[in-house]
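Trainee: A single structure is presented below for examination.
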Amino acid sequence: MILLSRTSNTPVVGWLVGVATDEPRAGETMIAGQPTTLVRPGAGRSWPAVVFVNGVTRLGRHHPDVERLARALARAGYLVAVPDPPGLRQGTLTLRTLAATTAVVRAVAERSDVRGGRVALFGVSVGASLALLAAEKPSLAGRIRAVAGLAPYTDLVHVVRLTTTAVYVKQGRFERYRTKPFAALVIARSLAAALTPGRDRTLLLARLLAVPDDAPDPLASLRALHESRLRPPARALVRLLVNRDPARFDSLYAALPQRVRLAATMLSPISAAARLQARVLIASAPHDKYFPPDETRALARRAPHVALTVTPTLQHAIPHFSVGDFGGLFRFDGFLVRVLRLTG
């Protein structure tokens, strides 16, 4: 009730919850070298902890939806840490982003005001993928209570194929699947960042970071780039990113520098899914605008404790409630109840 009322448009219930629960204590701090919002319940000295990893947004941990959710969890009795790992705000997902997220999770688990020395991870979109990746780290074995997420990707190669060719491989067949253009921009920035540091990497990142996040054709600047200006590794990446032919994808991907392909593998939760020992609960829309629910189904086939809830209440990572969608609302409510049961 606290979570639903404080993160959705239910003013009367939200007011009642505000009266009945203690005001959280929120502050800005550094955890494991990362700027972090730390929100604690209004009473008590130790609590179960949640590390919340948001998706790609320029506002990062200060996005209003993120702040409301963190405060709602604190009202429900949780210590909540919301870090801003490097690159996440700009949509440049790298191994450095993952390492910083992992370090924050470890540091929060070691805090004296965290109950039991263990934390739950909650993420949305790319943040949910980072939470899964962190939970797979052997260094965090025994530290993770549970992982919960909304609409993650699990195989970055599948997402590259989807954002460039508008097809998704399902049961060995190509299926058309429409995504928002912003997904292609995030993929392009992330792959470009995996190139060897140098002139080409700097040039591609500068072009891609200059593209507005809401651009309808975010890779137009790459198509206008003369290949003669680039060395072979960067040229191979540009050819992959501007390709629209599904039949050419595999050969173009294989031509990428090994460094880029290795980064994509290491940033794919499905690659080390067998290491996921914590319970994993994922919720997704029937047709997510970025990452298909089949991403989670593929993870569930490789990891022992993964459950997927599909509900039209979600629009990517944001719940939208309607009077006519009681079934979807109940499924999402059940998802939240299971998450809180595991994280407490």
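The values are calculated or read from the model by the stated rules, or taken from the named source; none is laboratory data. Everything numeric in this text was worked out from a predicted model, so none of it was measured. Positions of Cβ are backbone-derived with ideal geometry, glycine not excepted, and every protein chain shown enters the neighbour counts.
Trainee: Filter region 306-335 for residues that are at pLDDT 70 or above, in contact with a Leu (Cβ under 7 Å, 6 or more places away or on another chain) and assigned to a loop (DSSP other than H, G, I, E, B) and give the result.
Mentor: THR313
Trainee: Would it be correct to say that SER112 is polar (S, T, N, Q), free of Cβ contacts under 8 Å to residues at least 60 places away in the same chain, surrounded by fewer than 20 Cβ atoms within 10 Å (Cβ to Cβ) and not in a strand (DSSP E or B)?
Mentor: Considered against the rule, which asks whether it is polar (S, T, N, Q), free of Cβ contacts under 8 Å to residues at least 60 places away in the same chain, surrounded by fewer than 20 Cβ atoms within 10 Å (Cβ to Cβ) and not in a strand (DSSP E or B), SER112 comes out as no.
Trainee: Does region 97-115 include one or more residues that are under 11 Å from VAL280 (Cα atoms) and more than 11 Å from the chain's Cα centre (by Cα)?
Mentor: For region 97-115, residues under 11 Å from VAL280 (Cα atoms) and more than 11 Å from the chain's Cα centre (by Cα): absent.
Trainee: Run LYS170 past the list (1) surrounded by fewer than 22 Cβ atoms within 10 Å (Cβ to Cβ); (2) under 30 Å from PRO232 (Cα atoms) and report the number of the one that doesn't hold.
Mentor: With (1) surrounded by fewer than 22 Cβ atoms within 10 Å (Cβ to Cβ); (2) under 30 Å from PRO232 (Cα atoms) applied to LYS170, the lone miss is (2).
Trainee: For region 116-211, give me every one of the helices (runs of 4 or more DSSP H) that falls completely inside it and has 1 or more residues that are in contact (Cβ under 8 Å) with a residue 24 or more places away in the chain and more than 21 Å from VAL104 (Cβ to Cβ).
Mentor: Counting at least 1 such residues, we get 156-165, 181-193, 199-209.
Trainee: Go through region 230-289 and give me each residue that's in a helix (DSSP H, G or I), of a type in the set (S, T, N, Q) and out of contact with any helix residue (DSSP H, G or I) (no Cβ under 6 Å at 6 or more places or on another chain).
Mentor: Scanning region 230-289 gives SER251, GLN258.
Trainee: If a residue must be buried (at least 24 other Cβ atoms within 10 Å of the Cβ) and over 21 Å from MET266 (Cα atoms), how many such residues does region 115-129 contain?
Mentor: Residues that pass the stated criteria total 2.
Trainee: Right, another one. Restricting to region 224-266, name every residue that is more than 28 Å from the chain's Cα centre (by Cα) and closer than 28 Å to ARG89 by Cβ.
Mentor: Of everything in region 224-266, those that are more than 28 Å from the chain's Cα centre (by Cα) and closer than 28 Å to ARG89 by Cβ turn out to be ALA224, LEU225, LEU230.
Trainee: List pairs: first in region 67-95 and surrounded by fewer than 22 Cβ atoms within 10 Å (Cβ to Cβ), second among the basic types (Lys, Arg) and outside any loop (DSSP other than H, G, I, E, B), Cβ under 6 Å, 6+ apart or cross-chain?
Mentor: Going by the 6 Å Cβ cut-off, the qualifying pairs are ARG68/ARG6; ASP84/ARG61; PRO86/ARG96.
Trainee: Would you point out which residue out of LEU132, LEU98 is in the same structural domain as THR29 (by TED's automatic domain parsing), aliphatic (A, V, I, L, M), within 18 Å of VAL147 (Cβ to Cβ) and crowded, with 23+ Cβ neighbours inside 10 Å?
Mentor: Answer to the selection: LEU132.
Trainee: Is it true that some residue in region 33-56 is touching a helix residue (DSSP H, G or I) at 6+ places or on another chain (Cβ under 6 Å), farther than 21 Å from LEU340 by Cβ and assigned to a strand (DSSP E or B)?
Mentor: Yes; the residues of region 33-56 include at least one that is touching a helix residue (DSSP H, G or I) at 6+ places or on another chain (Cβ under 6 Å), farther than 21 Å from LEU340 by Cβ and assigned to a strand (DSSP E or B).
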